[in-house]
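Before I ask anything, here is the structure I am working with.
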Amino acid sequence: MTSLTPLKSDLCNALEQCIKDVQLLISTIKHGSDMKEFIAVAEHCLEACMACLDACESGRFDRGIMMADSAEACALCADQCESLDLPESRKCLASCKICLEELFHLLA
């Protein structure tokens, strides 16, 4: 056998990238006073993705619930990112979409 087994699943990689890009977006827009509602959505996405990543990596029994929560949070965050015209929001939007794709593959 010549193939190597990947150490991380595509979902874990997608979650890690989503977390990184959401954190970058939050730090970019944090000082805008009119962005409080958007920041709350982004922080919810961040927390849901972190909880999902932890559940998936540790093999917890509630990872399906965490995956559903993460999918919902990423969908909301992606919708919000579409309304912003920032490079960080476009990057976050792309990461959320990839994360959603991976989540839907596993939740289907």
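Conditions: (1) in contact with a helix residue (DSSP H, G or I) (Cβ under 8 Å, 6 or more places away or on another chain); (2) in a helix (DSSP H, G or I); (3) surrounded by fewer than 18 Cβ atoms within 10 Å (Cβ to Cβ); (4) modelled with pLDDT under 95. Residue 60 meets all but one. Number of the miss?
(2)
Hey, can you tell me all the residues within region 86-108 that are in a loop (DSSP other than H, G, I, E, B) and free of Cβ contacts under 8 Å to residues at least 40 places away in the same chain?
Within region 86-108, just 108 meets the criteria.
Quick one: which residue in 31, 44 is assigned to a helix (DSSP H, G or I) and on the phi < 0 side of the Ramachandran plot?
Of the residues listed, the single one that is assigned to a helix (DSSP H, G or I) and on the phi < 0 side of the Ramachandran plot is 44.
Follow-up. With (1) within 9 Å of the chain's Cα centre (by Cα); (2) among the β-branched types (Val, Ile, Thr); (3) open to solvent by 20 Å² or more (accessible area, probe 1.4 Å) as the list, and residue 28 as the residue in question, which single condition is left unmet?
That leaves (1) as the condition not met.
Working only within region 63-88, note down all residues that are among the polar types (S, T, N, Q), within 15 Å of residue 43 (Cβ to Cβ) and either surrounded by fewer than 19 Cβ atoms within 10 Å (Cβ to Cβ) or at pLDDT below 95 (or both).
Residue satisfying the conditions is 80 alone.
Test residue 93 against the stated conditions and say whether it is hydrophobic (A, V, I, L, M, F, W, C), open to solvent by less than 50 Å² (accessible area, probe 1.4 Å) and over 11 Å from the mean Cα position of the chain (by Cα).
In short, no.
The values are calculated or read from the model by the stated rules, or taken from the named source; none is laboratory data. Owing to the predicted nature of the structure, the values given are computational and were not obtained by experimental measurement. A quick note on method: Cβ atoms are made from the backbone with ideal geometry, for glycine too, and the neighbour counts reach across all protein chains shown. We work out accessible area using only protein heavy atoms, side chains counted, and drop any ligands, DNA or RNA first. Shrake-Rupley method; radii C 1.70, N 1.55, O 1.52, S 1.80 Å.
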